[in-house]
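Written below as structure tokens is the structure these notes are about.
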Amino acid sequence: MIRRVLPHGLGRGLLTRRPGTRRGGFSLDWDGKVSEIKKKIKSILPGTPCDVLPDTSHLPPEHSDVVVVGGGVLGLSVAYWLKQLENRRGGMRVLVVERDHTYSQASTGLSVGGICQQFSLPENIQLSLFSASFLRNINEYLAVTNAPPLDLQFNPSGYLLLASEKDAAAMESNVKVQKQEGAKVCLMSPDQLRNKFPWINTEGVALASYGMENEGWFDPWCLLHGLRQKLMSMGVFFCQGEVTRFVTSSQRMMTTDDEMVTLKSIHEVHVKMDHSLEYQPVECAIVINAAGAWSAQIAALAGIGKGPPGTLQGTKLPVEPRKRYVYVWHCPQGPGLETPLVADTSGAYFRREGLGSNYLGGRSPAEVSRVGWDMLARRHRIIVMKESGFWPGSVCFVHPQVQTAWAGYYDYNTFDQNGVVGPHPLVVNMYFATGFSGHGLQQAPGVGRAVAEMILEGSFQTIDLSPFLFNRFYLGEKTQENNIM
Amino acid sequence: MSLRLVAPMWNGTRGIHRLGGAVVPEGNQKKERKMLQFLNNHFYDVEALRGYLLQREMSKVHLKNRSFTWLEEQHGPYSAGAFFILKQGGAVKFRDKEWIRPDKYGHFSPEFWNFREVPVEAVDASDCEINYEGLDNLLLLKELQSLSLQRCPHVDDWCLSRLYPLADSLQELSLAGCPRVSERGLACLHHLQNLRRLDISDLPAVSNPGLTQILVEEMLPNCQVVGVDWAEGLKLGPEEQPQDTASPVPA
């Protein structure tokens with residue numbers, strides 16, 4: 001009888017408990033609710049509709065401790081290690097600003113994806129060794145619960161560098177340094193080469209060095225995706241926009257030699273949105289320049305290089321984009337499954353791609369080359385290849401058919417082809433992680449950790465990258481790397 | 001129920017050394033996993049707990065693969081390597097001796113500590129949790145002739161690239177059923193020129209087993225490669241269509 005007296009809805013609510021979400025509490029459809037409320041208010045208020053809550057989801061946050069300019073593998077690696085090594089969980093807010101979310105021109109995606117330890121500088125060897133162990137244990141470093149494990153598609157086939165008579169002595173001393181640092185590299189004579197790889201034409205080859213372990217090639221997109229996923233789970237902010245201005249404050253100080261020097265510090269970054277004039281000023285404490293081939297532009301925004309030439313103020317960042325082409329060709333009678341990445345005496349290199357007799361190769365950019373800031377062309381450049389004599393002269397490819405080709409930029413350091421790492425002496429809170437001239441991808445984990453250590457501890461802790469600091473451009477001390485691919 | 005999985009799925013509390021979903025029946029398993037994923041996405045506590053359990057599984061594997069190379073100076077490399085294998089649950093065979101296997105409680109006879117100079121001929125490490133670091137101990141056995149790494153869940157392409165120091169002696173290698181070995185790791189077996197028998201059957205991570213078998217056979221001309229029958233994927237031509245059983249057999 002009581003049930004009949006009470007109104008229908010109230011009776012059901014009072015006398016029965018329904019399973020499901022608690023009414024009035026946190027609901028899973030928060031965004032939907034907000035838009036419903038906005039619509040209701042619009043319909044109630046007279047006159048023109050006004051946005052009660054303007055949509056700012058595409059803008060970066062107004063304050064951020066660290067702003068990483070450039071969302072390629074180096075920038076993401078620095079952000080990862082900053083969050084990994086911070087003392088307090090959630091203690092640092094990191095914002096990664098990337099101009100192009102499709103990564104269509106970024107060097108990372110267009111890279112051949114090789115990793116090797118055959119360098120002449122011990123620092124480079126150590127960076128590559130650390131990166132190899134990072135990639136090997138990538139599912140421990142970049143583990144995200146509920147996400148499937150990453151498959152880097154790593155081919156541990158090694159690198160084979162060929163040297164002519166005049167380079168043989170340099171190669172021997174390089175291999176000695178590499179073995180000292182712990183890389184597993186061995187030297188091969190032309191006879192041993194012919195035994196092992198009968199498809200090599202050993203004419204003009206005096207010596208070869210072959211990497212046995214921790215060398216090969218992998219999929220750079222997978223690494224990028226894994227880093228992005230892990231960073232999102234660690235709470236790093238991502239923003240698609242372009243950095244157009246740095247607002248700096250300066251301070252004049254006296255050096256010990258009684259010279260006046262102006263120290264600058266960036267306290268605001270203006271991030272402009274795509275296809276609009278809208279920009280967001282982001283207050284920040286530290287800026288990391290990981291903009292790859294375009295790092296010089298970002299450095300110029302901060303006033304680096306604006307001064308009389310020959311002084312520290314006038315020393316520009318000598319990183320410029322260098323285009324290099326990669327070709328994929330099919331050759332049915334080509335070298336077999338055991339083919340390493342072979343780099344010729346002329347600077348040309350090639351490797352296998354997949355199981356189907358496809359090969360991928362290119363040539364390192366020459367010392368001086370004309371570069372335009374045009375779009376990267378993706379046409380078949382058969383004519384260009386023949387003219388520049390690209391075909392790796394030491395391997396006979398019979399009837400190859402070019403399938404496709406693409407071009408990518410190296411962030412080429414015109415000074416000494418090695419990376420720039422660490423703070424700028426005058427713009428005190430800009431840190432560089434750029435200029436690696438073709439081996440940025442393989443050294444990214446090590447460099448990211450080094451920059452994070454520099455920021456958090458004040459000095460390099462694990463691998464000492466002091467030869468890669470910015471000062472060397474002013475002092476004229478070249479840290480030359482002889483093996484670039 | 002195909003065995004083809006590119007990479008094993010993390011199964012959270014189940015432990016990462018299971019094939020994780022490859023050979024388990026559908027139905028109940030899927031519902032449980034969906035529930036677990038839902039809880040994981042909505043509650044930080046569940047996510048933290050799963051993360052902690054995963055870390056614990058990984059540190060267990062690291063502990064199993066710790067280095068035993070310090071035993072080398074006291075007992076010689078062969079005993080040190082054999083001890084590592086036996087502790088993992090595998091079996092070893094010294095030259096001219098019988099196989100030494102741990103029983104179901106993990107105990108094994110300590111007689112091998114006396115075999116200082118006797119090299120180990122064969123190792124059966126099937127279903128053991130050997131990983132890249134653990135291979136440090138395995139590579140102490142310089143004169144190994146036969147190695148079986150069947151169904152080892154942590155043996156992957158990186159591990160295969162470490163096997164080249166055994167090139168002089170290794171004659172038989174079995175990788176059947178390893179979930180993480182792909183054709184890219186098989187490419188670095190070309191160092192093992194003395195190999196006479198290689199078993200690469202049942203590798204779920206290999207994308208094209210037939211073609212891989214042909215390429216591996218080309219790479220190792222003196223080796224008998226046991227694996228997939230490479231004709232299995234080929235389509236039959238019209239004249240080779242299987243005959244209807246009702247039709248008369250031509251005389």
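Scan the stretch A:160-205 for GluC sites (Glu not before Pro) in coil per DSSP, keeping those whose Cβ has at most 14 other Cβ atoms within 10 Å, and list them by number. Working shown, then result.
On the way: sites: A:Glu165, A:Glu172, A:Glu181, A:Glu203; in loops: A:Glu203.
Those satisfying the criteria are A:Glu203.
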Find, to one decimal place in angstroms, the Kirkwood hydrodynamic radius of the stretch B:62-226, where the mean of 1/r is taken over every pair of different Cα atoms and then inverted.
16.0
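List, in the order given, every pair from A:Lys264/A:Lys306; A:Lys264/A:Lys316; B:Lys34/B:Lys60; B:Lys104/B:Lys142; A:Lys33/A:Lys83 whose Cα-Cα distance in the structure shown is over 22 Å.
Exceeds cut-off: B:Lys34/B:Lys60; B:Lys104/B:Lys142; A:Lys33/A:Lys83.
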P(r), alpha carbons of the stretch A:290-342 - 10 Å bins starting at zero, rounded %
19, 28, 16, 15, 14, 8
Per-residue average of other protein chain Cβ atoms inside 10 Å, peptide A:150-162 -> 4
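Compute the Rg/Rh shape ratio of the stretch B:49-142: radius of gyration over Kirkwood radius, all on alpha-carbon atoms. List each step's numbers first, then the result.
Values: Rg = 14.1 Å, Rh = 13.8 Å.
With Rh from the inverse mean 1/r over Cα pairs, Rg/Rh is 1.02.
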Towards the positive end of the charge dipole of the stretch B:54-104, with charges on Cβ (+1 Lys, Arg; -1 Asp, Glu), say which of B:Gln88, B:Ser67, B:Gln55 has the farthest Cα.
B:Gln55
About its Cα centre, the stretch A:159-211 carries a charge dipole, from +1 on Lys and Arg Cβ atoms and -1 on Asp and Glu Cβ atoms, whose size in debye to the nearest 20 is 200
Calculate one ³J(HN,Hα) per residue across the stretch B:137-153 by plugging θ = phi - 60° into the Karplus curve 6.51 cos²θ - 1.76 cosθ + 1.60, and present them in order as whole Hz with x for glycine and proline.
6, 5, 6, 5, 7, 5, 10, 6, 10, 9, 10, 10, 10, 5, 6, 6, x
Quick check on chain A: of the DSSP beta bridges with both residues there, what percent are antiparallel, nearest 5%?
75
Placing one identical point scatterer on every Cα of the stretch A:159-211 and ignoring solvent, what is log10 I(q)/I(0) from the Debye formula at q = 0.21 Å⁻¹?
-0.70
Relative contact order as a percentage, chain A, C-alpha pairs under 8 Å and 6+ apart, gives 20
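Subtract the Cα-Cα distance of A:Thr56 and A:Gln297 from 0.36 nm times their separation in residues, and report this length gain in nm to one decimal.
Contour length minus the Cα-Cα distance gives 84.0 nm.
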Cβ-based charge dipole, chain A, positive-most Cα from A:Tyr412, A:Tyr349, A:Ile286
A:Ile286
Could you check the spin-label model distance between A:Gln403 and B:Tyr44? Points 7 Å from the Cα along Cα→Cβ, value in nm.
4.8
Sort all Cα-Cα distances of the stretch A:227-292 into consecutive 5 angstrom bins from zero, then give the percent of pairs in each bin up to the one containing the longest distance.
4, 13, 17, 18, 17, 12, 7, 6, 5, 2, 0
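Grab the beta carbon distance between A:Leu187 and A:Ser276, set R0 = 60 Å, and tell me the FRET efficiency rounded to 0.05. The partial results should precede the final answer.
Values: r = 58 Å, r/R0 = 0.97.
So the FRET efficiency works out to roughly 0.55.
Loop only per DSSP, at most 13 neighbouring Cβ atoms within 10 Å: give me the trypsin sites (Lys or Arg not before Pro) in the stretch A:266-327, ordered by residue number. Don't jump to the answer; show the numbers that get you there.
Values: sites: A:Lys272, A:Lys306, A:Lys316, A:Arg322, A:Lys323, A:Arg324; in loops: A:Lys306, A:Lys316.
Answer by residue number: A:Lys306.
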With chain A reduced to its Cα atoms and the Debye formula applied, log10 I(q)/I(0) at q = 0.08, 0.09, 0.10 1/Å amounts to -0.57, -0.69, -0.82
Alpha-carbon centroid distance for the pair the stretch B:29-96 / the stretch B:126-169, whole angstrom
16
Virtual spin-label span in nm between A:Thr262 and B:Glu32, 7 Å along Cα→Cβ:
6.9
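Work out the length of the dipole vector of chain A about its Cα centre, built from +1 on the beta-carbon of each Lys and Arg and -1 on the beta-carbon of each Asp and Glu, and round it to the nearest 20 debye.
For chain A, the charge dipole is close to 2460 debye.
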Which of the GluC sites (Glu not before Pro) across the stretch A:398-485 are loop residues per DSSP, with 15 or fewer other Cβ within 10 Å?
A:Glu477
Under the Karplus relation 6.51 cos²θ - 1.76 cosθ + 1.60, θ = phi - 60°, what is the ordered set of whole-Hz ³J(HN,Hα) values for the stretch B:104-110, x standing for Gly and Pro?
5, 8, x, 8, 9, 6, x
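Mind checking the dipole of the stretch A:241-360: about its Cα centre, +1 per Lys or Arg Cβ, -1 per Asp or Glu Cβ, Debye to the nearest 20?
Values: 11 positive and 12 negative charges, 60 e Å.
Roughly 280 debye for the stretch A:241-360.
Read the figures in this text as sums done on the coordinates, not as results from a lab. Fair warning: this is a prediction, and the values are worked out from it, not measured in the lab. Ideal geometry is used to build each Cβ from the backbone, glycine not excepted, and the neighbour counts take in all protein chains shown.
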